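This is the structure I have questions about; it appears just below.
Any read-out appearing in this document is the output of simple, stated calculations on the displayed coordinates, not a laboratory observation. Quick caveat, the model's predicted, so the values are computed rather than measured. As a convention, Cβ positions derive from the backbone with ideal geometry for all residues, glycine included, and neighbour counts pool all protein chains shown.
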Amino acid sequence: MGLLLCGCSSLRYYVQAAHGQGELILHRRAVSAVLRDPATDPALAARLARALAARRFAAQRLGLPDNRSYTGYVQLQRPYVVWNVFAAPPFSVEAVPQCFPIAGCVAYRGWFAKADALADAARLRARGDDVWIGGVPAYSTLGWFADPILSSMLRWDDDELDGTIFHELAHQLIYVKGDTAFNESFASFVQDEGLREWRQSRGLLPPDERTQAMDDGFARLVLELRARLKALYASGQDAAAMTAAKQREIAAFRVRYAAWRDQHWPHEHRYDAWVAAPINNARLLPFGLYDRWKPAFAALFERAERSWPVFYARVRALAREPKAQREAKLQALLAQNHAGAAATLRSG
């Protein structure tokens with residue numbers, strides 16, 4: 001999720017961020033007003049009413065911030081609210097960091113206009129970086145403004161829309177400056193567990209585990225490619241040899257993907273286009289950010305006896321730790337989660 005309200009040394013970036021956020025504020029309408037408007041399309045009204053109910057559930061049952069975020073609606077005239085630009089050196093799988101006073105250092109820079117994102121990408125590419133641009137349907141201002149439901153978010157199904165509201169509100173609740181993996185893993189856990197509880201409260205079955213299993217499997221394949229490239233870049237070969245080896249690794253990844261898909265998901269092709277498109281270091285950056293520590297947070301939730309207030313108190317305690325100690329404790333929780341899963345399999 002893009003985090004746009006941030007300081008930046010570039011005046012141009014600051015101006016576009018302020019202008020883009022101002023446009024959202026200017027065009028925001030209260031969801032309640034949209035629902036009362038007889039001109040509102042019934043399908044839109046139904047989606048917004050469900051989202052508003054999920055917003056109330058987030059505050060009342062999940063302990064997430066009870067404020068004006070996601071009680072407003074903005075109809076955009078574009079497919080995404082922002083475009084994030086990711087960059088990495090040609091022989092590194094680490095992002096070129098973008099550091100801001102509020103958000104800290106993150107792996108991307110977000111632009112409200114696609115043309116501005118393309119210009120930024122061209123600048124980074126000209127200096128030799130690998131670059132990738134990703135459209136973002138939603139983002140969080142970390143509570144600085146009342147984030148609205150955006151028309152770009154309505155392309156998702158109800159689960160994705162409701163879960164995203166939980167995710168973005170979690171960022172408002174707890175956010176560690178400069179630790180993207182912690183922030184996104186925490187918010188992703190709240191999204192998944194919150195969605196499970198939200199569906200249960202409505203008498204619905206749990207979310208589709210098959211879809212999650214495929215997503216997790218694909219992410220593991222991409223992370224394996226990133227690990228192989230990291231080892232290659234540390235090998236000390238000259239630039240020409242590494243460039244050729246980099247392309248061989250990417251080609252081999254495509255072969256592994258096809259074999260994995262055909263063996264496990266023979267009728268699913270949702271990732272085919274992603275794999276067929278050009279792949280570089282920057283395109284791999286988002287993978288792992290959203291789920292690296294998610295099993296650790298699941299273990300912490302169980303330790304808290306599935307109490308949201310207790311869980312949040314323990315997450316806040318982790319957030320106050322220096323990064324090295326925080327990650328050591330998360331790693332221990334990760335091991336506990338894996339051990340528990342293995343025990344469950346043996347007992348089954």
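Fewest first, what order do Ile25, Ile133 take by the number of other Cβ atoms within 10 Å?
On the way: Ile25 12, Ile133 17.
Listing Ile25, Ile133 from fewest to most nearby Cβ atoms yields Ile25, Ile133.
I would also like to ask the following. Summing +1 for each Lys or Arg and -1 for each Asp or Glu, what net charge is found among the other residues whose Cβ lies under 9 Å from the Cβ of Gly194?
Working: positive: Arg61, Arg196; negative: Asp162, Asp192, Glu193, Glu197.
Here the charged neighbours net out to -2.
Okay, moving on. Report, by chain and number, residues whose modeled amide H sits under 5 Å from the one on Trp111, excluding near sequence neighbours (fewer than 5 apart, same chain).
Amide H neighbours of Trp111: Trp83, Asn84, Val85.
State the dimensionless ratio Rg/Rh of region 209-284 (Rg: radius of gyration of Cα atoms; Rh: Kirkwood radius).
Numbers: Rg = 13.6 Å, Rh = 13.3 Å.
Over the Cα atoms of region 209-284, Rg/Rh equals 1.02.
Averaging sequence separations of C-alpha pairs under 8 Å and six or more residues apart, then dividing by the length of the chain, give the relative contact order as a whole percent. Present the calculation step by step, with values, prior to reporting the outcome.
On the way: 459 pairs, mean separation 65.1, N = 348.
Reported as a whole number, the value is 19 percent.
Helix-only estimate, please: 222 nm mean residue ellipticity of the chain, summing -39500 (n - 2.57) across DSSP H runs of length 4 or more and dividing by its residues, to the nearest 500.
Details: 13 runs with 201 residues, N = 348.
Computed ellipticity for the chain at 222 nm equals -19000 deg cm²/dmol.
Quick one: what are the phi-derived ³J(HN,Hα) couplings along region 115-123, Karplus 6.51/-1.76/1.60 with θ = phi - 60°, whole Hz, x for glycine and proline?
Values per residue, Gly and Pro as x: 4, 5, 5, 5, 5, 5, 4, 4, 4 Hz.
Please arrange Glu193, Glu305 by how many other C-beta atoms lie within 10 Å of their C-beta, fewest to most. Display every interim value, and only then the final one.
Numbers: Glu193 20, Glu305 8.
Arranged by neighbour count, lowest to highest, Glu193, Glu305 become Glu305, Glu193.
With θ taken as phi - 60° and the coefficients 6.51, -1.76 and 1.60, list the Karplus ³J(HN,Hα) couplings across region 42-51 in order, rounded to whole Hz; mark glycine and proline as x.
With the stated coefficients, region 42-51 comes to x, 5, 5, 4, 5, 4, 5, 5, 5, 4 Hz.
Go through Ala299, Pro322, Ala219 and say which Cα lies farthest out towards the positive end of the charge dipole of region 190-348; charges sit on Cβ, +1 for Lys and Arg, -1 for Asp and Glu.
Pro322
Going by average Cβ density within 10 Å per residue, which order do the peptides 283-293, 13-23 take, highest to lowest? Walk me through the numbers on the way to the answer.
Working: 283-293: 20.5, 13-23: 15.2.
Sorting 283-293, 13-23 by mean packing, highest first, produces 283-293, 13-23.
Name the long-range amide H neighbours of Val96: under 5 Å, sequence gap of 5 or more, or other chain; modelled H, no Pro or chain starts.
Ala87, Ala88
How far apart, in nm, are two points set 7 Å out from the Cα along the Cα-to-Cβ line at Ala335 and at Ala245?
3.2 nm
While we're here: Semi-axes of the chain's equivalent ellipsoid from the Cα gyration tensor, sqrt of 5 times each eigenvalue, largest first, rounded to whole Å? Working shown, then result.
Details: eigenvalues 203, 147, 89 Å².
The equivalent ellipsoid of the chain has semi-axes of 32, 27, 21 Å.
Then there's this: Taking a ≥ b ≥ c as the square roots of the eigenvalues of the Cα gyration tensor of region 102-186, is the shape rounded (a/c under 1.5), prolate (a/b larger than b/c) or oblate? If you can, show how the numbers build up before the last one.
Details: a/c = 2.18, a/b = 1.42, b/c = 1.53.
It comes out oblate by the Cα gyration axes.
For region 11-189, rounded, prolate or oblate, judged on the Cα gyration tensor with a ≥ b ≥ c (square roots of eigenvalues), a/c < 1.5 rounded, else prolate if a/b > b/c? Please report the intermediate quantities before stating the final value.
Details: a/c = 2.18, a/b = 1.58, b/c = 1.38.
Prolate, since a/c reaches 1.5 and a/b exceeds b/c.
I would also like to ask the following. Where in region 27-117 are there chymotrypsin sites (Phe, Trp or Tyr not before Pro) that are in a DSSP coil and have at most 10 other Cβ atoms within 10 angstrom of their Cβ?
Numbers: sites: Phe57, Tyr70, Tyr73, Tyr80, Trp83, Phe86, Phe91, Tyr108, Trp111, Phe112; in loops: Tyr70, Tyr80, Phe91, Phe112.
The qualifying sites: there are none.
Moving on. On a full-extension model of 0.36 nm per residue, what is the gain between His267 and Leu26, subtracting their alpha-carbon distance, rounded to one decimal in nm? Display every interim value, and only then the final one.
Details: separation 241, 0.36 × 241 = 86.76 nm, distance 4.52 nm.
Here the answer is 82.2 nm.
Could you list Ile279, Ile250 in order of exposure, starting from the residue whose Cβ has the fewest other Cβ atoms within 10 Å? Present the calculation step by step, with values, prior to reporting the outcome.
Numbers: Ile279 22, Ile250 18.
Going from sparsest to densest Cβ surroundings: Ile250, Ile279.
Provide the packing ranking of 126-132, 165-171, 297-303, 260-266, i.e. peptides ordered by the mean count of other C-beta atoms within 10 Å per residue, highest first. Kindly include the intermediate steps, with their values, before the conclusion.
Numbers: 126-132: 16.7, 165-171: 25.9, 297-303: 19.7, 260-266: 12.7.
Listed from highest to lowest mean packing, they are 165-171, 297-303, 126-132, 260-266.
Shifting gears a bit: Sequence neighbours fewer than 8 away in the same chain don't count; with that in mind, list the lysines whose C-alpha is under 21 Å from Lys246.
Lys230
May I ask for the distance between the Cα centers of region 180-220 and region 19-97, given as a whole number of Å?
If we compute the Cα centre of each part, the gap is 19 Å.
What lysines does Lys294 reach when the alpha-carbon gap must be under 22 Å and sequence neighbours fewer than 8 apart in one chain are set aside?
Partners within reach: Lys177, Lys323, Lys329.
Put +1 on the Cβ of every Lys and Arg and -1 on every Asp and Glu Cβ in the chain; which of Val190, Gln98, His167 then has its Cα farthest towards the positive end of the dipole?
The one lying farthest along the dipole's positive direction is Gln98.
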